[in-house]
Amino acid sequence: MEEKKSGLDKAIAVFGVGLSAFGILLAIWFLFLFNGMIDSVHQAGIEQADAVISVLQNTRIVVNSTAESVDSFAEFAGDAYITMQSSADVMADMSGAVSGLAGAVGAIPYMPAEVSGSLYSTASDMDTAAVSMQETAGSMEGVANETLSASLGINAIEEDVGKGIANLEKTKKELDAMHLTAKTGLFLGTGLLVMLFALNGLSFYRQLRG
């Protein structure tokens, strides 16, 4: 009876040693498997973030270029408005001066009426030109205001793009931290399993030798 018990104990011990060795190998296999999976997921996340960042950076370049063009045009429209408005004021003043001259010439005795009439006609043409200039100046002012509004909208888009890039950079750092945490946990967990299986196998081995 004792011999049968001794044989059964040895069989259990051999099975325990074999199971412990298999457990160690399985733990190491899972280590390589999950380590590769963690690296793959991390790499895929980083590559996707980098791809989106690249698109946003290119978008920011285009937006910056557009903003510069719009700002330049807004400045041009503003300058054109000021110039046209000043020209209209000058033309209106000249029209008044010519009208005054026409009145003075018309008051001269024996002065042909055609002379003053011609001056009055010139003054009228100047008034028409001044009104046209003022209308053009008003149009340029409207263009300048619309362009400035567009510039503000473009600047808002540029700011949103910058925030998007900053958020993605933050996400990359978070992915790196998660990657490090996962790998640390994996190696520690695997090490603990290997140690437990090794101690268990050692116990069965001692039982087998005893």
>> Can you tell me which residue is nearest to residue 33 (Cα to Cα) among those in segment 181-210 that are loosely packed, with under 14 Cβ neighbours inside 10 Å and among the aliphatic types (A, V, I, L, M)?
In response: 188
> Is it the case that residue 21 is under 18 Å from residue 162 (Cα atoms) and either modelled with pLDDT under 90 or in contact with a Leu (Cβ under 8 Å, 6 or more places away or on another chain) (or both)?
Replying inline: no
> Within segment 13-53, how many residues are of a type in the set (Gly, Ala, Ser) and farther than 14 Å from residue 197 by Cα?
Replying inline: 6
> So how many residues does segment 156-179 have that are in contact with a helix residue (DSSP H, G or I) (Cβ under 6 Å, 6 or more places away or on another chain) and among the small types (Gly, Ala, Ser)?
Replying inline: 1
> Out of all the residues in segment 54-70, is one or more touching an Asp or Glu at 6+ places or on another chain (Cβ under 6 Å), part of a helix (DSSP H, G or I) and farther than 29 Å from residue 159 by Cβ?
Replying inline: no
> Given 158, 146, 135, which one is in a helix (DSSP H, G or I), out of contact with any strand residue (DSSP E or B) (no Cβ under 9 Å at 6 or more places or on another chain) and under 23 Å from residue 51 (Cα atoms)?
Replying inline: 158
>> Looking only at segment 147-180, filter to residues that are acidic (Asp, Glu) and in contact (Cβ under 8 Å) with a residue 60 or more places away in the chain; which one of those is farthest from residue 35 (Cα to Cα)?
In response: 158
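From 94, 178, 126, 140, grab the single residue that is at pLDDT 80 or above, surrounded by 15 or more Cβ atoms within 10 Å (Cβ to Cβ), part of a helix (DSSP H, G or I) and within 45 Å of the chain's Cα centre (by Cα). Walk me through how you get there before you give the answer.
Working: 94 fails: within 45 Å of the chain's Cα centre (by Cα); 178 fails: surrounded by 15 or more Cβ atoms within 10 Å (Cβ to Cβ); 126 fails: within 45 Å of the chain's Cα centre (by Cα).
Exactly one residue qualifies, and that residue is 140.
The values are calculated or read from the model by the stated rules, or taken from the named source; none is laboratory data. What you see is a predicted model; the values in this text were computed from it and never measured. Note that each Cβ is placed from the backbone with ideal geometry, even for glycine, and that neighbours are counted across all protein chains shown.
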